[in-house]
């Protein structure tokens, strides 16, 4: 089923909403104070230990129905409860029951992927003529930061109430040589729940040597609920006319191609399952979507962000808008979920959730200088910034 809703109809509504609710804007904070909206709350509890370091779980409530649980292990969003059209909340992100379960197998649920998200071909890259060899954890390739990326370390964390809502800030120093990367990199990830029912994620990093940085937030979304089964009935729109094709090992070829007349075309809102059968399994891939889209970067809202995706669940009425300042977004339909045990007795099967990871293009470090490819080299004196907003609404059919 394809909704008769074109990009030109949806985007003005999304842009208007975002203009009013842009994260961190003085206008949004002032409006919240003027309307005397509930300030929300934040609480912290012990959640175990990893590598001899204490792990905590923060619970953030925005006073408008949004509630998140976030841990300093991997900066993982463990749960995110969002109201439906009947104001009934459901947890819309996949996760594991305990921190021990995350250590045993994370599947990258809800984490910060880095130092470099997605794949790097052969686990090698060059900066200024010097070659660096990274840990390989995806066949011959490097994936999501390596064997022990940012998703598998304990960060420092601090919670606070702010004018925009409850917030938790995580920091981590990735030392020179970690997983093969050059330079000491200081990373910060800040999560905020605003009173406009937004999950805001702001990432930043600095370095003392030229290195590669491309962070991504990796929540698995199911707007019907984390235990609701397949997301192929969800509706999706991605404002991107182009994508980056990959080879058999899912490494980008360096080409930038058009999505028109392919199953990858989500420029108009359509059911995810509509063309799913046209994405068959291969030797190394169970089939489905796992592609990086080249965002149109329009419309733009406050803070220099642009609309990156709109996801809608017809059953619950929940809609999520994703805004970011990144050139690409990885759309992944949970193809490698294989019955992994989840929260509250749930079992996560293939296509039980999807990811919408704003990012620089995969393997950009090996495509530097190619037309249209972003720069992912961070140098001393520079600051990497990745900002995104996930805005939730719910409406009738």
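Determine which member of the set 351, 375, 335 is more than 28 Å from residue 176 (Cβ to Cβ) and surrounded by fewer than 19 Cβ atoms within 10 Å (Cβ to Cβ).
Numbers: 351 fails: surrounded by fewer than 19 Cβ atoms within 10 Å (Cβ to Cβ); 375 fails: more than 28 Å from residue 176 (Cβ to Cβ).
None of the other options fit; the residue is 335.
Residues of segment 347-397 that are part of a loop (DSSP other than H, G, I, E, B) and under 18 Å from residue 92 (Cα atoms): 349, 350, 351, 352, 353, 395.
I'd like to know if segment 381-392 contains one or more residues that are surrounded by fewer than 16 Cβ atoms within 10 Å (Cβ to Cβ) and either more than 29 Å from residue 194 (Cα to Cα) or at pLDDT below 95 (or both).
Residues of segment 381-392 that are surrounded by fewer than 16 Cβ atoms within 10 Å (Cβ to Cβ), as a first pass: 381-383, 385.
Okay, now just the ones that are also either more than 29 Å from residue 194 (Cα to Cα) or at pLDDT below 95 (or both), so 381.
Within segment 381-392 (the criterion being surrounded by fewer than 16 Cβ atoms within 10 Å (Cβ to Cβ) and either more than 29 Å from residue 194 (Cα to Cα) or at pLDDT below 95 (or both)), the answer is yes, since at least one residue qualifies.
Residue pairs whose Cβ atoms lie under 8 Å apart, separated by 6 or more positions or on different chains, with the first residue in segment 216-235 and assigned to a strand (DSSP E or B) and the second at pLDDT below 95 and surrounded by fewer than 22 Cβ atoms within 10 Å (Cβ to Cβ), are 235/3.
With respect to (1) crowded, with 20+ Cβ neighbours inside 10 Å; (2) in contact with a helix residue (DSSP H, G or I) (Cβ under 6 Å, 6 or more places away or on another chain); (3) within 22 Å of residue 246 (Cβ to Cβ), the lone exception for residue 196 is condition (3). The residues of segment 238-250 that are closer than 17 Å to residue 359 by Cβ, assigned to a loop (DSSP other than H, G, I, E, B) and at pLDDT 95 or above, listed by number, are 238, 239, 240, 245.
In this structure, does residue 287 turn out to be surrounded by 16 or more Cβ atoms within 10 Å (Cβ to Cβ), outside any strand (DSSP E or B) and touching a helix residue (DSSP H, G or I) at 6+ places or on another chain (Cβ under 9 Å)?
Working: surrounded by 16 or more Cβ atoms within 10 Å (Cβ to Cβ): yes; outside any strand (DSSP E or B): yes; touching a helix residue (DSSP H, G or I) at 6+ places or on another chain (Cβ under 9 Å): yes.
Yes; evaluated as a whole, the condition is true for this residue.
So which residues in segment 170-190 are surrounded by fewer than 23 Cβ atoms within 10 Å (Cβ to Cβ) and over 15 Å from residue 116 (Cα atoms), if there are any at all? Listed by number, the residues that qualify are 171, 190. For segment 136-155, the criterion of being on the phi > 0 side of the Ramachandran plot and free of Cβ contacts under 8 Å to residues at least 24 places away in the same chain is met by none of the residues. Output the residue which, of all residues in segment 290-305 that are crowded, with 21+ Cβ neighbours inside 10 Å and outside any strand (DSSP E or B), is modelled with the lowest pLDDT. Among residues in segment 290-305 that are crowded, with 21+ Cβ neighbours inside 10 Å and outside any strand (DSSP E or B), the one modelled with the lowest pLDDT is 301.
Counting only residues that are under 20 Å from the mean Cα position of the chain (by Cα) and farther than 20 Å from residue 101 by Cβ, which one in segment 146-169 is surrounded by the fewest Cβ atoms within 10 Å (Cβ to Cβ)? Let's see the steps before the verdict.
Let us first name the residues in segment 146-169 that are under 20 Å from the mean Cα position of the chain (by Cα), namely 146-155, 157, 166-169.
So of that shortlist, the ones also farther than 20 Å from residue 101 by Cβ come out as 146, 166-169.
Details: 146: 23, 166: 27, 167: 22, 168: 24, 169: 17.
Here the answer is 169.
Considering 316, 308, the condition of being part of a loop (DSSP other than H, G, I, E, B) and either buried (at least 18 other Cβ atoms within 10 Å of the Cβ) or more than 21 Å from the chain's Cα centre (by Cα) (or both) is satisfied by 316 alone.
The values are calculated or read from the model by the stated rules, or taken from the named source; none is laboratory data. All of these numbers come straight from a predicted model, not from anything done at the bench. Neighbour counts are summed over all protein chains in view; Cβ atoms, including those assigned to glycine, are modelled from backbone coordinates with ideal geometry.
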